[in-house]
Amino acid sequence: MGLDIRWPIGLMFSIIGALLLIHGVATGSDTEMLKRSLGMNVNLVWGLVLLVFGLLMLLSAKIAASAKKPKEK
Amino acid sequence: MTAIQLGTIDYAIMLIYVAFVIGIGWTLRRYMKTSSDFLTSGRSIPAWVTGLAFLSANLGALELVGMAASGAKYGIATSHFYWVGAIPAMIFLAVFMMPFYYGSKARSVPEYLKMRFDERVRCLNSLTFAIMTVFASGISMNALAKLLHQLLGWDYNLSLWICSAVVLAYVLKGGLTSAIYTEVLQFFMIVLGFAPVVYLGFKDVGGWTALTGKLSQVAHDPAALALNSKSFAPDAWTSAWKPLLGGPTNNPMGVDVFAMVFGLGFVLSFGYWCTNFLVVQRAMAAKNMSAARRTPLIAALPKMLFPALVILPGMLAVALASGGKDGYRLPPKIISEKTYAKAIPAIQEASLLRLGPDEALQQVNKAIGRKDSGDLKLKRDKIAAIITESTSQPLSKELIRSRLQDAVAGNDYDGVILSLVTKYCPSGLLGLALTALLASFMSGMAGNVTAFNTVWTYDLYQAYFARNKSDDHYLWMGRAITVVGILLSIACAYFARNYDNAMDVIQLVFGFVNAPLFATFLLGMFWARTTGTGAFLGLLGGTATSGIFHALTIASGNLPGAKGGYIALAHTFPSEMAQNFWLATFAFISCFVLTTGISLATRRTKTNEELKGLVYSMTPKIKDEGEMWLLRPAVLGVILLAACVVLNFIFW
């Protein structure tokens, strides 16, 4: 099928990851909120994890696409 | 549970997710040219995608919500549903059964049955399957809408229709392919959305040693948390096999080891994973035989590790509640509006009359009424406290409501996972976890709908209503039935909401139908002598056996009636789970014996030539020597099985 699912997965997690990361930075000084997640800025950390995951997905889709092209045409 | 507040970022994450799943359907729409593209993906998908979709389609409401609930109720023994009740069957499907499903070119499991046996067997299987998937999807949607209502205060109707509309939008556009692709996205969403919650809970409890310590206290006195009325050995919640080997009275599940290994591990598990079209369809959509066979194996690896994500939260919740850490308690059973309407005046009256604790409790219980309250138990001292406070100064209705909810002794196990989400997730992560929850429900619903539309179009409509129509006609029908299937699911959701008991009975009957199924497939695939008449009557006989077995037995603590034992009481099981596992065992054996006997007594209708590709002994062995040895299904299967055994030993 024409769509490599890694593109949408990678894109979605990159966007969500970036959003969480920014939100984490913006609310980093809100101690009341941090108390809930055991004093850890979990939005920042997890946003970063999602962003890296998303980018890796995109990268692997890119590699697959460029490896496929010369073969097909 | 009080409604929680969502921030802009939480809604943003949900919207991004919805936009992406609909976008995937939209992108795929131009590839949907034939009915086979729409209903069977035109057999074109790589193995890692079908593998993750295989897992995700099964990851409905049951998995996230139900497994955490069982984790709280039974502890680590719940992982038997994975390590005993799933992995071996998934490996068996990959190594032994997939060659026939895929190689026969059948478009569905019922169609395989028609090729192997005859029209009767297919008709029986496709009808029960079609009805079952619609109900399953409805039950899950009802659960979702209820949760969203309780948790976020969203309108029940609105959440039900919006979620269904999203699923409809992407399934209608991109068919099975779009369901499979979004299932992969949902798989990652679920894992990445819940992992931080589990991590935070784990850290809060204080790690594994602290967890086992807390849970051994719980095992000594589970009644303190209203988990169980008995007292167990300290390892009852933290080891998988030892309490089980101690017999049904020594483990909170109330199950013996034979029922667990044979009833769940063989009959029920193989019956589900190897014959249920919902999951098998994903493997059938793979691009070639070796991808089809690798599909269940790729799914088996994450499946094996899933207990850490879905069962552990339940155990963490129990450990947290046991220490009463930060005032955490297991979510109490939800009081219905009807009950509130009766209980609040009773409280007000009791406080006016200045009743003592016992009389007040009696008064409230009387007002609620036995029938409506179900097994709602109120704590005496909490009720007394409400009365005392209300006597000195009348409390508002709202306050009485929340205090009453707090006074409920029983647990709402289905709320366990969400209670952890709301405890630990700040705005942001909260949106992610809730999106993961939405994703799990949507993947379950899409899975059901795509299996339903294929079985309807190919096995019922094409077989019995419109035999020789153009492919365009079937493509049109596939789309139309997708809409109908979703509408039927919604209808079932309302039905489930209003008739809880009727739903239990329906699910029970499905259990009767499913229990003997694996015997039919096993004999059909591995014994050429099995005849259509043997399979058909054996299946009916097996189902009848389940019905009779249920009518004659009961689980201790239940009253004869819908829960069984309504004809006579031949045996009382220590728990419903044990009753279930034994029922399946009996149904399987009866179907096996009947099919064998009747097959020997009837004439074969299919020649050896016709059975080629359908039966083990008539089919040339698949040559996978060309593949790298590590990627061969049999080798992969053995490795996975070994890993599963190791896991069982670690948590022995």
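Here are a few things to note about the model shown:
- Top-ranked residue in region B:478-507 [being in a helix (DSSP H, G or I) and without any contact (Cβ under 8 Å) to a residue 12 or more places away in the chain; ranked as nearest to B:F38 (Cα to Cα)]: B:A480
Matching residues to (1) within 13 Å of chain A (Cβ to nearest Cβ); (2) within 22 Å of the chain's Cα centre (by Cα); (3) under 16 Å from B:Q186 (Cα atoms); (4) basic (K, R):
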site	(1), (2), (3), (4)
B:G415	no, yes, no, no
B:V421	yes, yes, no, no
B:A436	yes, yes, yes, no
B:M445	no, yes, yes, no
B:F452	no, yes, no, no
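- Selection within region B:564-579: residues that are assigned to a loop (DSSP other than H, G, I, E, B) and surrounded by 15 or more Cβ atoms within 10 Å (Cβ to Cβ). The member of this set that is nearest to the chain's Cα centre (by Cα) is B:S575.
- Within region B:6-27, residues that are within 7 Å of another protein chain (Cβ to nearest Cβ) sit with their Cβ atoms under 8 Å from residues that are open to solvent by less than 20 Å² (accessible area, probe 1.4 Å) and part of a loop (DSSP other than H, G, I, E, B), at 6+ positions apart or across chains, in these pairs: B:I9/B:G428; B:I13/B:G428; B:I24/A:I5.
- Selection status of B:S35, more than 14 Å from every other protein chain (Cβ to nearest Cβ), farther than 19 Å from B:V198 by Cβ, over 14 Å from the mean Cα position of the chain (by Cα) and open to solvent by less than 10 Å² (accessible area, probe 1.4 Å): yes
- Inspection of region B:226-238 finds no residue satisfying the criterion of being open to solvent by less than 50 Å² (accessible area, probe 1.4 Å), assigned to a helix (DSSP H, G or I) and either farther than 28 Å from B:G447 by Cβ or touching a helix residue (DSSP H, G or I) at 6+ places or on another chain (Cβ under 9 Å) (or both).
- The combined condition, being in contact with a Leu (Cβ under 6 Å, 6 or more places away or on another chain) and away from chain A (no Cβ under 14 Å), is not fulfilled by B:V95.
- Scope region B:89-127; condition under 17 Å from B:T605 (Cβ atoms), open to solvent by 20 Å² or more (accessible area, probe 1.4 Å) and of a type in the set (D, E, K, R); matching residues: B:K114, B:D118, B:E119, B:R120
- Residues that are more than 7 Å from chain B (Cβ to nearest Cβ) and assigned to a loop (DSSP other than H, G, I, E, B) were ranked within region A:1-53; the one that is most open to solvent (accessible area, probe 1.4 Å) is A:S29.
- Options B:L630, B:L647, B:L640: the member that is assigned to a helix (DSSP H, G or I) and modelled with pLDDT under 90: B:L630
- Condition met for B:R30 (within 11 Å of chain A (Cβ to nearest Cβ) and either out of contact with any Lys or Arg (no Cβ under 6 Å at 6 or more places or on another chain) or open to solvent by 20 Å² or more (accessible area, probe 1.4 Å) (or both)): yes
- Taking the numbered list (1) under 23 Å from B:L330 (Cα atoms); (2) at pLDDT 85 or above in turn, B:D221 passes all entries but (2).
The values are calculated or read from the model by the stated rules, or taken from the named source; none is laboratory data. None of the values given here were measured: they were computed from a predicted structure. Ideal geometry is used to build each Cβ from the backbone, glycine not excepted, and the neighbour counts take in all protein chains shown. Accessible surface is based on the protein model in full, side chains and every heavy atom, while ligands, DNA and RNA are left aside. Shrake-Rupley method; radii C 1.70, N 1.55, O 1.52, S 1.80 Å.
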